[in-house]
Amino acid sequence: MQGKIQYLVLTDPNRIWKPDLFFSNEKKGHFHEIIMPNVLLRIYPNGNVLFSIRISLVLSCPMDLKYYPLDRQTCSIQMANGYTTDDLVFMWKEGDPVQVTKNLNLPRFTLQKYLTKYCTSRTNTGEYSCLKVDLLFKREFSYYLIQIYIPCTMLIFVSWVSFWLDPNATVARVSLGVTTLLSMATQISGINASQPPVSYTKAIDVWTGVCLTFVFGALLEFALVNYASRSDVHQQAAKQQQQIQQRQAKWSLEQSTIEAGGAHVDEANYGLRGDGYRSCEIHAKPHRRKNWCKRWLSKFPTRSKRIDVISRIFFPFMFALFNLVYWTTYLFRDDLQTQIK
């Protein structure tokens, strides 16, 4: 037989003994039997047996979504049997035991690498051999960047347009603030609907929550501007009324002085001496240099305008600071997550 036949092919795999192999983390699976059962059985002259079968499996893969969608997940394939190690031992083939197709294409993940391990377990009934393959997947971020991160950022930029509108344009600023707030809420609802519910905060939850806070803050900023604008109007009206009252009081005092004392009283009232000179004293206050921030804010006469100008700088600065902290935290901790796993 040796030298003439390389191997013997059997069409009926049930005629030989096979180990009771099972996948311990399997949820469901099925064999492929179109047109014939997809099974290959070869027997070599040295006694080796090659048994190949095509199956489709759905395996359980617990995921840690704290860094979603900047996460990496490790899914395992565990192969065990019902015989103890005294009867059957599983061993990985030397060299390249796992082969992955070159044109593997996953919609939202990239297979970075795989590791072969042993997961032999010991129970009261004995020790059972087990093989394990860890598949390291990296989530594709471009989809989430286009569908989630960029639209949320654009909504925040649109909400800042109200800082450049006139404080008296109440309808325009309120409509803009409410529209961006509702759009952000709708965006968050769509994101949450496509994600599995978990009991902890994910990276995407931090992003959407802060973006919603910025949009809501822009709406509250207009409420503060509107209050300051109305307060400025009341203060200006009160100041004008006080000036009018002071002028009327001065005019009444001058009229009563002229009628009562004539020129002598008027002369004493204005501080004139007999020689015709006026006595006066000059008190010079020390010159204080104003702070550059106060000098810059003094260019804007009303408090409402000052609030808008400060918001134009404060909101973009805080959003840039948040982006720096957010991307630094989640991108650089991605390697830490891989090491832990």
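Could you look through the range 161-182, keep only residues that are open to solvent by less than 50 Å² (accessible area, probe 1.4 Å) and not hydrophobic (A, V, I, L, M, F, W, C), and pick out the one that is nearest to the chain's Cα centre (by Cα)?
The selected residue is T180.
Filtering the range 135-160 down to residues that are hydroxyl-bearing (S, T, Y) and more than 10 Å from C211 (Cβ to Cβ), which residue is most open to solvent (accessible area, probe 1.4 Å)?
So the first thing to find is which residues in the range 135-160 are hydroxyl-bearing (S, T, Y), and the list is 142-144, 149, 153, 159.
In the following step, the residues that additionally are more than 10 Å from C211 (Cβ to Cβ) were identified as 142-144.
On the way: S142: 69, Y143: 103, Y144: 5 Å².
Only one residue fits best here, namely Y143.
For every residue, the table says whether it meets (1) at pLDDT 90 or above; (2) under 35 Å from the mean Cα position of the chain (by Cα).
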site	(1), (2)
D96	no, no
V100	no, yes
P107	no, yes
K113	yes, yes
K117	yes, no
L131	yes, no
F137	yes, yes
L145	yes, yes
C152	yes, yes
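Which condition number in (1) closer than 30 Å to C61 by Cα; (2) open to solvent by less than 100 Å² (accessible area, probe 1.4 Å) is the one that E33 fails?
All conditions are met except number (2).
The values are calculated or read from the model by the stated rules, or taken from the named source; none is laboratory data. The structure displayed is predicted, hence computed values, not measured ones. Cβ atoms come from the backbone with ideal geometry, glycine included; neighbour counts cover every protein chain shown. Accessible surface is based on the protein model in full, side chains and every heavy atom, while ligands, DNA and RNA are left aside. Shrake-Rupley method; radii C 1.70, N 1.55, O 1.52, S 1.80 Å.
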